[in-house]
Each structure stands twice: as C-alpha cells, then as structure tokens.
C-alpha cells in the first residue's frame, strides 16, 4: 500500500471529497458542479473540501482511509472514483473512517458496518450524509441500508 499525502486545510464543516480517477475532466467538472449546489430545505451553502491531485490517481479505499484517518473530524470520506466518473448520476463512494478501535465493542462495530463500510450516494446526498453523521443525528449504517434498498445501490437522499 502506498502512502498518500495528508489532507490539510480542511474546515471541520467541509465534506471531504477525494478524486481518484483522472480519466475524464469533463465528468469531474460535472461532479464538482453538482456538489457545489445549495442543499436542504433552507437551502444551505455547499461546504466541500476537494482533494484533486493526480498523486491520488488510482488510490484504493484503504489508501485513502490511511491518509485521512489522522483528521479526527472526518467520520466519512467521499471518493470520486472510476464508477463516479462513468455513471450519468455520478454516485460517489461514501466510506466510513471509523474502525473497531473507535467503537465501544465488537457489537457496536458490527452494527456500524452491518450493511458494509461503504455505499454510493448521488452528489446531492453528500451534504446531508456528512452533516447528519457529523452531529450524530443518523448512523452510517442507516445510510448504507438506504442505499442497499435502491435498485442501483445508491443513496438518493
């Protein structure tokens, strides 16, 4: 596993989006545009910290997690990978950063990853997922279960 640079300069209120596929700049611009749209009922401004550096090209989920785990304010990272770029709906991979060591016990961790340690979400879902996980309003497993209920396996808010 290769070591990736630490993510710096992220505000704790910013959702973290890491680009790992650099094949299609037009698709990436579409993802960024979608992520920067106001969200919610109010609506709220979109707060996103983008990691858009070719050094991350082809990074695996485990490599991304190893690089972002030092940031205690990140409970979920959103990865713009090959699937994100090739799909018309640009579903990002949402991955929990929590490990067994972050949980009270094995049962707590098993519940957290009951539906897996990742799921896909449309760009419009990123902000609600990040906000609710950050304040503990909903759990990762609830979003993963919601994605699992979708015919394409994507959380659609």
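The values are calculated or read from the model by the stated rules, or taken from the named source; none is laboratory data. Note that the structure is a prediction, hence the values are computed from the model and not measured. FYI the Cβ positions are ideal-geometry reconstructions off the backbone, even for glycines, and counts take in every protein chain you see.
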* To do: Any chance you could count how many residues in region 1-43 are out of contact with any strand residue (DSSP E or B) (no Cβ under 8 Å at 6 or more places or on another chain), free of Cβ contacts under 8 Å to residues at least 60 places away in the same chain and crowded, with 19+ Cβ neighbours inside 10 Å?
  => 0
* Structure fact -> Restricting attention to region 33-64, the residues that are modelled with pLDDT of 95 or more and part of a strand (DSSP E or B) number exactly 4
* To do: Identify the residue in region 117-156 that is in contact with a helix residue (DSSP H, G or I) (Cβ under 6 Å, 6 or more places away or on another chain) and surrounded by fewer than 15 Cβ atoms within 10 Å (Cβ to Cβ) and, among all such residues, is farthest from residue 76 (Cα to Cα).
  => 153
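I'd like the residue in region 82-93 that is in contact with a strand residue (DSSP E or B) (Cβ under 6 Å, 6 or more places away or on another chain) and more than 14 Å from residue 128 (Cα to Cα) and, out of all such residues, is surrounded by the fewest Cβ atoms within 10 Å (Cβ to Cβ).
Kept after step one, since they are in contact with a strand residue (DSSP E or B) (Cβ under 6 Å, 6 or more places away or on another chain), are these residues of region 82-93: 84, 91-93.
If we keep only those that are more than 14 Å from residue 128 (Cα to Cα) as well, we get 84, 91, 93.
Numbers: 84: 25, 91: 25, 93: 20.
By that ranking, first place goes to 93.
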* May I ask you to list the residues in region 1-27 that are over 25 Å from residue 70 (Cα atoms), touching a helix residue (DSSP H, G or I) at 6+ places or on another chain (Cβ under 7 Å) and not in a loop (DSSP other than H, G, I, E, B)? => 27
* residue 67 vs. criteria out of contact with any strand residue (DSSP E or B) (no Cβ under 7 Å at 6 or more places or on another chain), crowded, with 17+ Cβ neighbours inside 10 Å, modelled with pLDDT under 95 and closer than 18 Å to residue 94 by Cα -> yes
* **Residue ID - nearest to residue 142 (Cα to Cα), chosen from residues in region 103-116 that are out of contact with any helix residue (DSSP H, G or I) (no Cβ under 6 Å at 6 or more places or on another chain) and in a loop (DSSP other than H, G, I, E, B)** => 113
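Which of the residues belonging to region 44-55 are within 21 Å of residue 128 (Cα to Cα) and free of Cβ contacts under 8 Å to residues at least 60 places away in the same chain?
Pass one, region 44-55, residues within 21 Å of residue 128 (Cα to Cα): 44-51.
Across region 44-55, the qualifying residues are 45, 49, 50, 51.
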* Would region 87-98 turn up any residue that is within 11 Å of the chain's Cα centre (by Cα) and in a loop (DSSP other than H, G, I, E, B)? -> yes
